[in-house]
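Below: the structure, in structure tokens.
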Amino acid sequence: MTPLVLRQITEVTPEGVPVLDGENRKVIAVQRFTAAHVGHQAVCQPVSSEEDAVLALGVIDTADAGQGGDAPVVLRAGEASLTLAPDGSVRIEGGSFGLKVRNAIQFEGATIDLN
């Protein structure tokens, strides 16, 4: 699996597609980006079938960047969000959740609450 990469958004086209720094010439946006995203980091997935293309999946929310490393990192795409908090907690929100793995899934915790 190709790892996700962060790329700086340098501008946004009228169609809502981000222009990213770096070498890739083709950007496929899975959400509509706005001018407010310029200067933020886009989370991107290289497209394995096209060497010079990336999927722009979302943008890192830097609203709390003034707090340094103590601010949570939030990745948003439409109605879905992934929040990584400095205390080690992870929150995934969205309309549905799918998981596909090749090996076993291991859950560990003091409490596991389903429903």
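The values are calculated or read from the model by the stated rules, or taken from the named source; none is laboratory data. Predicted model only: the values in this text are computed from it and were never measured. Note: ideal-geometry Cβ built from the backbone for every residue, glycine included; neighbour counts use all protein chains shown. In case anyone asks, the SASA skips ligands and DNA or RNA and just uses the protein heavy atoms, side chains included. Shrake-Rupley method; radii C 1.70, N 1.55, O 1.52, S 1.80 Å.
Some values worked out for this structure:
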{"read-out": "Residue pairs meeting the criteria (Cβ under 9 Å; at least 6 apart or on separate chains; first in contact (Cβ under 8 Å) with a residue 12 or more places away in the chain and under 24 Å from VAL73 (Cβ atoms), in region 86-115; second in a loop (DSSP other than H, G, I, E, B) and open to solvent by 90 Å² or more (accessible area, probe 1.4 Å))", "value": "GLU93/GLU79; GLY94/GLU79; GLY95/GLU79"}
{"read-out": "Enumeration of residues in region 75-111 that are among the acidic types (Asp, Glu), open to solvent by 90 Å² or more (accessible area, probe 1.4 Å) and either over 17 Å from the mean Cα position of the chain (by Cα) or modelled with pLDDT of 85 or more (or both)", "value": "ASP87, GLU108"}
{"read-out": "Residues (exposed (fewer than 15 other Cβ atoms within 10 Å of the Cβ), under 15 Å from the mean Cα position of the chain (by Cα) and either among the β-branched types (Val, Ile, Thr) or assigned to a strand (DSSP E or B) (or both)) located in region 1-27", "value": "THR2, LEU6, GLN8"}
